[in-house]
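Novice: Quick one: the structure is below, questions incoming.
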Amino acid sequence: MMIQRNLIAPILLSIFSLTFACSNEPLTEDPLASTSTEPIQKEPVQTNGNTPCDFALTNLTANTTVIIDCMMDLQGQTINVPSGVTIEYQTGGDIINGTLNFSDGDIISGELLNGSLELTGATAQLKEPTFNFIPNRWDIVEGEVDDMVAYDNKLILNKVLKDIQLMGGTTFKIDKLDAYFQTQPWFVEKSQSQQDSAIQVPAGMHLIMTNNTNLRVQPNNGKRVALLAVYKADNAIVEGGVLHGDRDTHDYSDGGTHEWGHVLIVKASKNVIIKNMTLMDAGGDGIAVNAYGHASDSNYIYCDNVLITGNKIIRSRRNGLSITDGRNIIVENNEFIDSGTSTSNSSGVAPMWALDIEPYRSGGTIYEIAEDITIRNNIEKGSAQGGFIIYTGDRITIESNTMENGIHYRQTSGSIIRNNKITGVSDISNNARTAIGAENRNGNKDNVISGNTISGFNTGINVGDYNSIEVFDNVINDCGKAIGYQSLLNAKIHDNTITSCDLGIGSQGLNVTLENSEFYNNIITDCKLGFNLNYTNVEELSNTFTIRNNTFESSSNSEVKYVKGLEFINNNLTGDIRVGETENSSFRSNTIVGQFKITSGCKNLMISDNYITDCFWDNNNDDYSIVNIVKQNNSCN
């Protein structure tokens, strides 16, 4: 049926073509292919109907509408479409085997587009912004195929994605599809980058896939390969679908780590959403977020305002998610499963974390920047090396996650780790890991660790900031050492609850320094040792730190040894305290249900106003008047 009516005045549009050409250059690598040697027979393009039209398109007039509700076989003809024409789909309609040469202001229904219909001339616009991609209307070949067919699959999908964007489409839907895509750089085209060789999501496009959509990396031997890329694609959304890497079918034989085979990359893009996807078996990372160029480059483009939510990232060979450059990123409600683990066919490759924030810095030069990132409400389990790590990066918040492996930071400022539940899955005697760990580096400052619930680790929290860390309201149980400290400046460790651990609070290593730092209002019960303060301020004469208003209940001696500058005040201690090789320190107004033991090597101690049930045990030969150990106003039973 052909109906024509006047339309609004045409809009000027850019010229484009839906055709593409494959390079005839020889392959530069011996590609991995399926074991089949049979030639692939492509199926005919699926059509919407089979009732032939009883009219032709040769007599179209400008500013009219033609309704296609029948099969229009152009039989190789080129139809010159006047300006302002709308070609509208209705049920049963299709146009195949020919060319539509459009003029300015033309419109066509997306349902009529297919691989046998070529569009030339001006860029027609879609009648509706949503386009449904049906694979067998576009010569996509599903199942295991050889490399050239997988390469054609990529070219076809990329061409349709780009052309739909040019035609004004904003939503691209794919439902049932299970196909391989050859995305290895240099496979045919020379000098391709990882992102250029991937399936590319255009700017402003909402790509919607379903659980029936399986996009697979064609097995290859490339060292930097990505299946899907959001590259210089602002305002893009990728939703749903199942993406498969090639970690167990990859060819690693030419050596090297082959760690950069990512399933999805987000690069140099702003206002991006990645949601409700399943990304599995990446040869490298499940998702990688990074910039184009380096921070000092004139062409530097970083990622900004990225939301990664509701995804499942499974068995990535390297990391589940790596962020090496980006600002204002939210990672929430995702599942990270078995990141970095080995399979029977491929070994994991470092770093092997579920999530790794690691902008590159070297020799004082900042090449990449990662800051203002929130990681929340995620589930992590089974990671080979650890859960989440801030290797470098600033103002990172990691909160309300449920994890089996630890959270660590190496160099960061203004970051917060709070309200996470971290439960080790093995007995602590077999778990040498730390639930929350901070390395002792000059760049660490103004960080907060609070409200976390930790159990089943060798070390609950290892504190190691040079400047201004606060650790409070954490609940730690069933650990080896609950809180360990490295060198600290202006630290506050308070209001933590510790139960059933071997050691409540203790130094982590030799010759640590504590300056202007406080431990207060902590409750430590049912532990073998309440505290073990060793090798602290050994070479520092002026540093001081305070332990006050804490409750320590232990079954063995708590110990202070090789310590200088300690103020131990108003604590309640159940169990003996042993002090040795300690200088320039005071113990005042404490209640000690046990014995106060003084061993050799102490000097300049003030021990006063304490209540001690079993009084003192002086196990030394020192003359207290000479070494200046003063005991006064203490009460003993």
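Read-outs: derived from the displayed coordinates by stated rules, not from any lab. The structure displayed is predicted, hence computed values, not measured ones. Cβ: placed from backbone, ideal geometry, glycine included. Neighbour counts: every protein chain shown.
Novice: Show me the three semi-axes of the equivalent ellipsoid for the range 279-347, from the C-alpha gyration tensor (sqrt of 5 times each eigenvalue), largest first, rounded to whole Å.
Specialist: Taking √(5λ) for each Cα gyration eigenvalue gives 26, 16, 7 Å.
Novice: Ok, one more. How far is the Cα center of the range 313-363 from the Cα center of the range 192-267, in Å?
Specialist: 15
Novice: Take the Cα gyration tensor of the range 151-250, multiply each eigenvalue by 5, square-root it, and list the three semi-axes largest first, rounded to whole angstrom.
Specialist: 22, 16, 11
Novice: Using label points projected 7 Å from each Cα along Cα→Cβ, tell me how many nm separate ASN572 and THR130, to one decimal.
Specialist: 6.4
Novice: Per residue of the chain, what 222 nm ellipticity follows from adding -39500 (n - 2.57) for every DSSP H run with n ≥ 4, rounded to the nearest 500?
Specialist: It comes out at -1000 deg cm²/dmol, rounded to the nearest 500.
Novice: Can you compute the FRET efficiency between LYS631 and GLU439 using 1/(1 + (r/R0)^6), with r the Cβ-Cβ distance and R0 = 45 Å? Round to the nearest 0.05.
Specialist: Once the sixth-power term is evaluated, E becomes 0.65.
Novice: Tell me the angle of helix 147-166 to the major Cα principal axis of the chain, expressed in degrees between 0 and 90 and rounded to the nearest ten.
Specialist: Value to nearest ten degrees: 80.
Novice: Can you list residues from other chains, or at least 5 along the same chain, whose modelled amide H is less than 5 Å from the amide H of ASN462?
Specialist: Placed amide hydrogens put ILE436, GLY437, ALA438, GLY484 under 5 Å from ASN462.
Novice: For a quick protection proxy, order the peptides 213-219, 579-585, 515-521 by their average other-Cβ count within 10 Å, most packed first.
Specialist: Descending mean neighbour count gives 213-219, 579-585, 515-521.
Novice: Relative to the Cα centre, what is the charge dipole magnitude of the range 383-495, using +1 at the beta carbon of each Lys and Arg, -1 at the beta carbon of each Asp and Glu, and rounding to the nearest 20 debye?
Specialist: Here the range 383-495 has a charge dipole of around 200 debye.
Novice: Under the rule a/c < 1.5 gives rounded, and otherwise a/b versus b/c splits prolate from oblate, where does the range 423-479 land using the Cα gyration tensor?
Specialist: oblate
Novice: Sort 593-603, 201-211 for me by packing, meaning the mean count of neighbouring Cβ atoms within 10 Å per residue, highest on top.
Specialist: Taking the mean over residues of other Cβ atoms within 10 Å, the ranking is 201-211, 593-603.
Novice: Continuing with this model, one more query. Quick one: length gained pulling THR257 to SER556 fully straight, 0.36 nm per residue minus the C-alpha distance?
Specialist: Between THR257 and SER556, full extension yields 102.7 nm more.
Novice: Let me ask another. Please provide three numbers in whole Å: the alpha-carbon extents of the range 482-606 along the principal axes, with the largest listed first.
Specialist: Ordered largest first, the range 482-606 gives principal extents of 34, 28, 25 Å.
Novice: Now for a different question. So for the chain, taking the charge dipole from beta-carbon charges (+1 Lys/Arg, -1 Asp/Glu), which of GLY437, ILE313, SER554 sits furthest toward the positive end?
Specialist: SER554
Novice: On to the next question. Take the chain, compute every pairwise Cα distance, and split them into 10 Å bins from 0; I just need the percent in each bin.
Specialist: Going from the shortest bin to the longest, the percentages are 3, 14, 20, 17, 14, 11, 8, 6, 4, 2, 1, 0.
Novice: Still on this model: So, in nm, how far is label ASN59 from label SER342 when the simple model puts each one 7 Å beyond its Cα toward the Cβ?
Specialist: Rounded to a tenth, the inter-label distance reads 7.6 nm.
Novice: So, one more: Evaluate the relative contact order of the range 535-596 (contact order divided by residue number), counting alpha-carbon pairs under 8 angstrom at least 6 apart; express in whole percent.
Specialist: Normalised by residue count, the contact order of the range 535-596 is 33 percent.
Novice: Oh, and also: Which far-off residues, 5 or more places away or on another chain, put their amide H under 5 Å from the one on TYR562, with H placed in the peptide plane?
Specialist: Amide H to amide H, under 5 Å and 5 or more residues apart or across chains, TYR562 pairs with TYR535, GLY580, GLU581, THR582.
Novice: Mind jotting down a quarter of the surface of the convex hull over the alpha carbons of the range 47-150, in square nanometres, one decimal?
Specialist: So the mean shadow area of the Cα hull is 7.3 nm².
Novice: Using Cα centres only, tell me the gap between the range 501-572 and the range 426-480 in whole Å.
Specialist: Here the two parts' Cα centres lie 16 Å apart.
Novice: As an exercise, find the ratio Rg/Rh for the range 231-370 from alpha-carbon atoms, using the Kirkwood inverse-distance average for Rh.
Specialist: Rg/Rh: 0.98.
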